[in-house]
Amino acid sequence: MFEVIKTEDRARRGRFTCAHGVVQTPVFMNVGTQGAIKGAVSAHDLKEIGCQVELSNTYHLHLRPGDGVVRAMGGLHKFMDWDGPILTDSGGFQVFSLAGLRKIKEEGVTFASHIDGRRIFMGPEESMRIQSNLGSDVAMAFDECVENPATYEYAKSSCERTLRWLERCKAEHDRLNTLPETVNPQQMLFGINQGATFPDLRIWHMKETAKIDCEGYAIGGLAVGEPTQVMYDIIDAVEPYMPADKPRYLMGVGTPSNLIEGVARGIDFFDCVMPARNARHAKLYTWEGAINIKNEKYKMDERPIDPQCACPVCRSFSRAYLRHLFAAEEMLAMRLAVLHNLYFYNSLMARIRQALDEGGFGAFRAEFSEKLGRRT
């Protein structure tokens, strides 16, 4: 399932094998929340921009069209016409973001749909059943993502509950994979580390989570408002206790610099809505830093977004044209911008993998970590 091919300090170059293919790691997973990348980007486009793993959202697909519909249509791969690996998150983050609309109990969470207000219950077993219906390659355990800052007492209680929920997820996931009608009986389960910004809780929870045999482990509950250095400090605290022979996933992170720094700290998998969301607001990434394509100075700029980029947008269109599309509020503006940013992120990970292959990741980090975090 997972093989560490090479290391450079704590950075890892690996290979992850699942039912729908082989993933070269470190990898950035492109977020298609409802089975589509926001910005009119299809599964077919993902192939062209170098995407290896598509990520969809359990909560949103459960609400519409309904996981039963997706199952009846042959599973999420067939539904969205994507033949590569898919990871589905558990819905936990979305449920817990509905702070005023949900009630947590040991059994699970009752919450109000953000679409029509109807009351819905989701617990570990329900999350596993939904993800099994979707047929993803990796299902994420149902967890509680607490707000930062959180009190120590609440974070501790939440960690304990998340651990009990993981045990229930594991039992139900194993049961579902044995059923003859299961969409993807090779579906894997990743456990999630929580503990807010308390290093001792994080370490305790990771130790206990690692005792439950999952195919991979994630660090959740970060990049939700805490300072960047605090996030790095938590990764530094947790990483030594993550099984070395299993993939490590940092959920919801992040900027190009965050990805480089995460790899340096031993992380293998990343995801974030940031590249697509920023693209829709005209913030585009280049190898010299980010630009705002709406800026007046690009009005007559014949250059591509990034002269170093080989994406389908940079091969064909100028900065002036992109700026015009945004100014005219054309839908094409968002599509082209999202394609470029996702290509950039996938290209960034490819260059990180190449640097690790060649033993030059340290030099790559020194050159690009700070540079890619600035605006040009």
How big is the antiparallel share of DSSP beta bridges in the chain, given as a percent to the nearest 5?
-> 50 percent
For region 85-226, what class follows from the C-alpha gyration tensor (a ≥ b ≥ c being the square roots of its eigenvalues): rounded when a/c is under 1.5, otherwise prolate if a/b is larger than b/c, else oblate?
-> oblate
Which loop trypsin sites (Lys or Arg not before Pro) in region 47-146, with loop taken from DSSP, have no more than 13 other Cβ atoms within 10 angstrom of their Cβ?
-> 105, 118
Restricting to lysines and to Cα separations under 22 Å from residue 6, and discarding same-chain partners fewer than 8 apart, the set is 246
With DSSP loop assignment and no more than 11 other C-beta atoms within 10 Å, the GluC sites (Glu not before Pro) in region 295-376 are 302, 329
Could you tell me which of rounded, prolate or oblate describes region 41-106, using a ≥ b ≥ c as the square roots of the eigenvalues of the alpha-carbon gyration tensor, with rounded for a/c under 1.5 and, failing that, prolate when a/b is larger than b/c and oblate otherwise?
-> prolate
To two decimal places, what compactness ratio does region 2-272 give when its Cα radius of gyration is scaled by 2.2 N^0.38 Å?
-> 0.94
Extension gain (nm, one decimal) between residue 358 and residue 280, 0.36 nm per residue minus Cα-Cα | 24.6 nm
Is region 279-373 best put as rounded, prolate or oblate by its Cα gyration tensor, with a ≥ b ≥ c the root eigenvalues, rounded for a/c under 1.5, and otherwise prolate when a/b is larger than b/c, oblate when not?
-> prolate
The exposure ranking of 169, 272, fewest beta-carbon neighbours within 10 Å first, is 272, 169
Would you kindly compute the Cα radius of gyration of region 301-342 and its largest Cα-Cα separation (Dmax), both in Å?
-> 9.4, 27
Here FRET efficiency (C-beta to C-beta, residue 288 to residue 174, R₀ 56 Å, nearest 0.05) is 0.70
Potential lengthening between residue 332 and residue 5 on full extension [0.36 nm per residue; Cα-Cα distance subtracted] | 113.7 nm
Give the relative contact order (percent, whole number) for the chain; include only Cα pairs under 8 Å separated by 6+ residues.
-> 18 percent
Quick one: net charge around residue 96, please, counting Lys, Arg +1 and Asp, Glu -1 for every other residue with C-beta under 11 Å from its C-beta.
-> -2
Find how much the distance from residue 350 to residue 229 grows on full extension, using 0.36 nm per residue of separation minus their present alpha carbon separation; answer in nm with one decimal.
-> 41.0 nm
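Read-outs throughout are calculated quantities, based only on the coordinates presented, and are distinct from any laboratory measurement. All of these numbers come straight from a predicted model, not from anything done at the bench. Neighbour counts are summed over all protein chains in view; Cβ atoms, including those assigned to glycine, are modelled from backbone coordinates with ideal geometry.
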